[in-house]
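Visitor: I'd like to ask some things about the structure below.
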Amino acid sequence: MSYDFKTIEKKWQEYWEEKKLFKSTEISDKKKFYLLEMFPYPSGKLHMGHARNYVIGDTLARFLRMNNYNLLYPMGYDAFGLPAENAAIKNKIHPDKWTDECIKTMTEQQKKLGLSYDWDRLVVTSKPEYYRWNQWVFSKFYEKGLAYKKLAPTNFCPKCETVLANEQVIDGKCWRCESEVEVKNLEQWFYKITDYAEELLADLDGLTGWPERVRIMQRNWIGKSEGLSVIFPVKNSAQKIEIFTTRPDTLYGVTFMTFAAEHPLVIELVKGTEKETEIKKFINKIVVQKRITRLEDKEKEGVFLGKYAINPLTGEEIPIYVSNFVLMEYGTGAIMCVPAHDQRDFEFAKKYNIPIKQVISNPNNSNPDLEQAFTDEGIMVNSQQFNDLNSKEAISKISDYVEEKKLGKRVVHYKLRDWLISRQRYWGTPIPIIYCEKCGTVPGPEKDLPVLLPMDVKFTGEGNPLAKSESFTKCKCPKCKGDARRETDTMDTFVDSSWYFERYCDPKQNKFPFDKKNVSYWMPVDQYIGGIEHAVLHLLYSRFYTKALRDLGLLDCGEPFKNLLCQGMVVKDGFKMSKSKGNVVSVDDMVGKYGADTARLFVLFAAPPERDLDWSDEGVAGSFRFLNKIYKLVGQLKGHSGGTDTSENLERIKHLTIKKVTGDIREEFHFNTAIAAIMEFYNEITVQHSTLNSQQLKNSVKMLVILLSPFAPHICEEMWQILGNNESILKEKWPVWDETKLVQEKIIIAVQINGKLRGQIEIKTETGEKEILEIAKSNDKIKKYLENKKIIKTIFVPKKLLNIVIGG
RNA sequence: GGGCGGGUGGCGGAACUGGCAGACGCACGAGACUUAAAAUCUCGAGUUCUGUAAGGGACGUGAGGGUUCGAGUCCCUCCUCGCCCACCA
């Protein structure tokens, strides 16, 4: 018979709720800890992939509470977004209703897992109490120039019928629906994240509690490069071409230059010349190319403009091309080309027979390579007064020279673009802007916030319902009171998730997004847990938003997340568990079949959190078996007539287990090895079960239950009660081990001969090297290896091994 | 092309700072209980050679080299899988 998890889990969930045991206290003298999991999109049913995220957090939460932290551990829902709107179109249900229903079922499932959130702090981003502060902040940003509208080439997803931010385009495809993204010139709203590029980059160094790979991804995304902007005059023309280079040391090797196809100067330069038609044709071909094919097409192509530029350092005339491998978005859209020292330029030069001029010689090979460009450091040649310098030194020397002669200047470029935040969809925060024919673009006044989403719109599946809602769009201009219309775009849902963790600190505040005092106490998040897929998206936006809110004076901290844990995926049949793959194991099924404690124990035991977890039904059964065994052991305690033995070894293992479990949870979140240690402790108890005196037995079992309680809380509460305790186990203090109890009187050490294991001997712990050697020499197994051999030396590792090195 | 992770039994995974590889669990095998099965309990187990047996030997952490008394762990070369970035001037 297996234990009655259904009754037990229900009983304790009700008990916890009734006694409000998970309510976080307000500001107190206890050491605070803010623990957070990335909040979910309320799509309805939870599968074990979601559950893993929460279970990792909840186990830690329970551990921290028992360690006397003042813990903030909230939950909320990222409730705006397209799926709700699509569901509305499909099922003829309002997104608000659909979302609420999903939240309800998800909350239920989370409670059934025994997750110990403080539900009083619930944050739902689609509610006006929340999104009004998106609007409020937008207005503040607008005043400061951090929010602005501009016409720009944007990424448009035809399926989602909306534009996307750069970060939301993955390999040229929409992050959500994987449709191919089109480039459209549209007037859109942006947040000026680029103002923070340098700080976002610099502060990454301080985020030592983050996985290195996430920091690297963000660094790459921000993409800082320092270099030189140089002006190349066009021969026989007043035009000048500005280029950007990170390799000023190659300036003397420039033999041509090329423009991006979109560069406006191209058309200007060839206007009225015989090249005009050819160039226009080429440009059209490139520009029309789809984004993806253009990126994939590595074959370099270009056309000579028939014009020459002058190298400002040498006075040399160099031909100007337009080509397919220069990007308009980066640098200046025009580049100087040094085929000898850049592989792309090299390929282009070979193809069009452009001279290749070497200016850096390879110190390891004096013959110039005719097969590829030499891009490493080397010795400067053919570079006038800079000859013989190391090319790395030459970078700064030539930069100095260029600046001195006013031919250009040092500049810094970033890959990071401003965050495009407007979306042509209904289910999001309305952008609080009013367009008036007389007054132009006018921000909605603070007193009129929130600008509510109208509820009476029609979802036809075509276009933005908001734009068709007369009651919404028609309004009065706040300035001149004349007729005006509202902005119908809504905000990217990543705006919502960029500050929800700050709202948790003060979720009911209605004068500001949050009170500074509360936020100052709780922020930053001490431990954030979530998937790696947000390495750049959510985690970068949140960092920006927090810094921007700081500069509005709303809070003091500049980095929202002190420590970050990226948990691995849950994999089944070789794929990530997901609805579309059809390989989901639902939380409901698991909890129904084995109970929450088993489900929790398994996901924690099967792999360390940062690694992918292979789902195994048999493994789950094993976890269930373990819980049953412990439950049985506790049940048998009463009838234990017992022996009289006192086991020092069991006492030692008890303390060892406390130490191991505590360390594994606190330092590395290695719940798998912590659980393994608890299992070993259990195994040891059962071995000694019949001979042990009941006092020590009971004592050991109590400890076992306490140590297991963060992992499998319901069954542990029940066992705790069976063991005769009236208070919840949550009130129990986390145990401390006694280092002196870990010492063993006798230990077994390994004896090696020339590094090979040849035997094991039992010794008193404090036995010295010489004595051990003598014992080893008289050991039968070892003796035979030493016969007629000379001992050259011995290596002794206290408490571990003795290695005897022999010769002959 | 660049960067970051991995590669350990049949499987998931352990192994502090270079010190007895394979903890813990799953699956498996044998036995006990049972009319039988399931459940439960006990025992076994890296591979291989050898021995009637107790036992003993050799090999073994993707491959090959190196450093060391000693290498899963450090160094070099390479293979392979995953992720991220990628014509970034």
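Visitor: Considering every residue within the stretch A:744-766, establish whether at least one is away from RNA strand B (no atom under 16 Å from the Cβ) and in contact with a His (Cβ under 7 Å, 6 or more places away or on another chain).
Guide: For the stretch A:744-766, residues away from RNA strand B (no atom under 16 Å from the Cβ) and in contact with a His (Cβ under 7 Å, 6 or more places away or on another chain): absent.
Visitor: With the requirement that a residue be near RNA strand B (Cβ under 9 Å from one of its atoms) and either touching a His at 6+ places or on another chain (Cβ under 6 Å) or more than 23 Å from A:Pro608 (Cα to Cα) (or both), what does the stretch A:642-674 give you?
Guide: A:Asp664
Visitor: Among the residues of the stretch A:101-110, which ones are crowded, with 17+ Cβ neighbours inside 10 Å and not polar (S, T, N, Q)?
Guide: Of everything in the stretch A:101-110, those that are crowded, with 17+ Cβ neighbours inside 10 Å and not polar (S, T, N, Q) turn out to be A:Cys102, A:Ile103, A:Met106.
Visitor: Condition first: farther than 20 Å from A:Lys285 by Cβ, within 12 Å of RNA strand B (Cβ to nearest atom) and in contact with a strand residue (DSSP E or B) (Cβ under 7 Å, 6 or more places away or on another chain). Now tell me which residues in the stretch A:336-356 satisfy that.
Guide: A:Met336, A:Cys337, A:His341, A:Asp345
Visitor: Of A:Ala677, A:Ala712, which residue is more than 27 Å from the chain's Cα centre (by Cα), within 11 Å of RNA strand B (Cβ to nearest atom) and among the small types (Gly, Ala, Ser)?
Guide: Selected residue: A:Ala677, the only one of A:Ala677, A:Ala712 that is more than 27 Å from the chain's Cα centre (by Cα), within 11 Å of RNA strand B (Cβ to nearest atom) and among the small types (Gly, Ala, Ser).
Visitor: Can you name every residue in the stretch A:183-197 that is free of Cβ contacts under 8 Å to residues at least 60 places away in the same chain and either touching a Lys or Arg at 6+ places or on another chain (Cβ under 8 Å) or not hydrophobic (A, V, I, L, M, F, W, C) (or both)?
Guide: A:Lys184, A:Asn185, A:Glu187, A:Asp195
Visitor: For the subset of the stretch A:680-696 comprising residues that are in a helix (DSSP H, G or I) and aliphatic (A, V, I, L, M), which member is farthest from RNA strand B (Cβ to nearest atom)?
Guide: Step by step, filter the stretch A:680-696, then rank; the result is A:Ile685.
Visitor: Return the total of residues in the stretch A:603-631 being within 25 Å of the chain's Cα centre (by Cα), in a helix (DSSP H, G or I) and without any contact (Cβ under 8 Å) to a residue 60 or more places away in the chain.
Guide: 0
Visitor: Now, a different point. Looking at A:His50 and the list (1) under 15 Å from A:Ile529 (Cα atoms); (2) of a type outside the set (Ser, Thr, Tyr); (3) at pLDDT 95 or above, which single condition is not satisfied?
Guide: The one condition A:His50 does not meet is (3).
Visitor: Among the residues of the stretch A:616-634 satisfying the criterion of being within 13 Å of RNA strand B (Cβ to nearest atom) and either more than 30 Å from A:Met577 (Cβ to Cβ) or among the polar types (S, T, N, Q) (or both), which is surrounded by the most Cβ atoms within 10 Å (Cβ to Cβ)?
Guide: Only one residue tops the list, namely A:Ser623.
Visitor: Restricting attention to the stretch A:215-249, which residues are among the polar types (S, T, N, Q) and either at pLDDT 95 or above or part of a strand (DSSP E or B) (or both)?
Guide: Passing the criteria: A:Ser225, A:Ser229, A:Thr245.
Visitor: For the stretch A:355-403, name all the residues that are polar (S, T, N, Q), farther than 17 Å from A:Gly227 by Cβ and buried (at least 17 other Cβ atoms within 10 Å of the Cβ).
Guide: Selection gives A:Gln358, A:Ser361, A:Ser383.
Visitor: Determine, yes or no, whether A:Arg600 is within 33 Å of the chain's Cα centre (by Cα) and within 10 Å of RNA strand B (Cβ to nearest atom).
Guide: Answer is no for this residue.
Visitor: Might you let me know whether the stretch A:219-237 holds any residue that is more than 10 Å from RNA strand B (Cβ to nearest atom), touching a residue at least 40 places away in the same chain (Cβ under 8 Å) and of a type in the set (D, E, K, R)?
Guide: For the stretch A:219-237, residues more than 10 Å from RNA strand B (Cβ to nearest atom), touching a residue at least 40 places away in the same chain (Cβ under 8 Å) and of a type in the set (D, E, K, R): present.
Visitor: For the stretch A:637-658, name all the residues that are without any contact (Cβ under 8 Å) to a residue 60 or more places away in the chain and aliphatic (A, V, I, L, M).
Guide: Hits for the stretch A:637-658 are A:Leu650, A:Ile653.
Visitor: Ok, one more. Using beta carbons and a limit of 6 Å, which pairs, at least six apart or on different chains, have the first residue in the stretch A:330-347 and within 14 Å of A:Phe374 (Cβ to Cβ) and the second one more than 8 Å from RNA strand B (Cβ to nearest atom) and of a type in the set (Phe, Trp, Tyr)?
Guide: A:Pro339/A:Phe346; A:His341/A:Phe374
Visitor: Also: Looking at (1) within 14 Å of RNA strand B (Cβ to nearest atom); (2) exposed (fewer than 14 other Cβ atoms within 10 Å of the Cβ); (3) in a loop (DSSP other than H, G, I, E, B), find the lone condition where A:Gly639 falls short.
Guide: The failed condition is (1).
Visitor: Okay, next question. For the stretch A:259-278, name all the residues that are under 38 Å from the mean Cα position of the chain (by Cα) and buried (at least 19 other Cβ atoms within 10 Å of the Cβ).
Guide: Listed by number, the residues that qualify are A:Phe259, A:Ala260, A:Ala261, A:His263.
Visitor: Only one residue in A:Leu564, A:Leu613, A:Leu537 is within 11 Å of RNA strand B (Cβ to nearest atom), touching a Gly at 6+ places or on another chain (Cβ under 8 Å), closer than 30 Å to A:Val169 by Cα and among the aliphatic types (A, V, I, L, M), so which one is that?
Guide: Exactly one of A:Leu564, A:Leu613, A:Leu537 is within 11 Å of RNA strand B (Cβ to nearest atom), touching a Gly at 6+ places or on another chain (Cβ under 8 Å), closer than 30 Å to A:Val169 by Cα and among the aliphatic types (A, V, I, L, M), namely A:Leu613.
Visitor: From A:Leu601, A:Leu565, A:Leu555, which residue is surrounded by 15 or more Cβ atoms within 10 Å (Cβ to Cβ) and touching a Ser or Thr at 6+ places or on another chain (Cβ under 6 Å)?
Guide: A:Leu601
Visitor: Report every pair of residues separated by at least 6 positions or lying on different chains whose Cβ atoms are under 8 Å apart, first residue within the stretch A:165-182 and more than 13 Å from RNA strand B (Cβ to nearest atom), second of a type in the set (A, V, I, L, M) and part of a loop (DSSP other than H, G, I, E, B).
Guide: The qualifying pairs are A:Cys174/A:Val181.
Visitor: On to the next question. I need every pair where a residue in the stretch A:93-111 that is modelled with pLDDT of 95 or more has its Cβ under 7 Å from the Cβ of a residue that is of a type in the set (Val, Ile, Thr), sequence separation at least 6 or different chains.
Guide: Qualifying pairs under 7 Å: A:Ile103/A:Val124; A:Gln109/A:Val587.
Visitor: If you take just the helices (runs of 4 or more DSSP H) that sit entirely in the stretch A:697-808, which of them hold at least 2 residues that are touching a Leu at 6+ places or on another chain (Cβ under 7 Å), under 30 Å from A:Glu648 (Cβ atoms) and at pLDDT 85 or above?
Guide: In the stretch A:697-808, the matching helices (runs of 4 or more DSSP H) lie at A:713-722, A:769-778.
Visitor: Related question: Which pairs turn up if I take residues in the stretch A:787-808 that are under 18 Å from A:Gln760 (Cβ atoms) and look for partners that are among the aromatic types (Phe, Trp, Tyr) and surrounded by 10 or more Cβ atoms within 10 Å (Cβ to Cβ) with beta carbon separation below 7 Å, at least 6 apart in sequence or on another chain?
Guide: A:Leu802/A:Phe796
Visitor: Would you mind stating whether A:Tyr73 is closer than 30 Å to A:Thr7 by Cβ, of a type in the set (Phe, Trp, Tyr) and in contact with a strand residue (DSSP E or B) (Cβ under 9 Å, 6 or more places away or on another chain)?
Guide: yes
Visitor: Continuing with this model, one more query. Looking at the stretch A:789-804 only, could you name the residues that are within 9 Å of RNA strand B (Cβ to nearest atom), surrounded by fewer than 16 Cβ atoms within 10 Å (Cβ to Cβ) and of a type in the set (Val, Ile, Thr)?
Guide: Answer for the stretch A:789-804, where residues must be within 9 Å of RNA strand B (Cβ to nearest atom), surrounded by fewer than 16 Cβ atoms within 10 Å (Cβ to Cβ) and of a type in the set (Val, Ile, Thr): A:Ile792, A:Ile795, A:Val797.
Visitor: Scan the stretch A:659-688 and report the pairs whose first residue is touching a residue at least 40 places away in the same chain (Cβ under 8 Å) and whose second residue is of a type outside the set (A, V, I, L, M, F, W, C) and more than 9 Å from RNA strand B (Cβ to nearest atom), with Cβ atoms within less than 6 Å and a gap of 6+ or a chain change.
Guide: A:Phe669/A:Pro609; A:Ile685/A:Ser700; A:Gln688/A:Ser647
The values are calculated or read from the model by the stated rules, or taken from the named source; none is laboratory data. From a predicted model like this one, the values you see are computed outputs, not experimental measurements. Note that we place each Cβ from the backbone using ideal geometry, even for glycine, and neighbour counts take in every protein chain shown.
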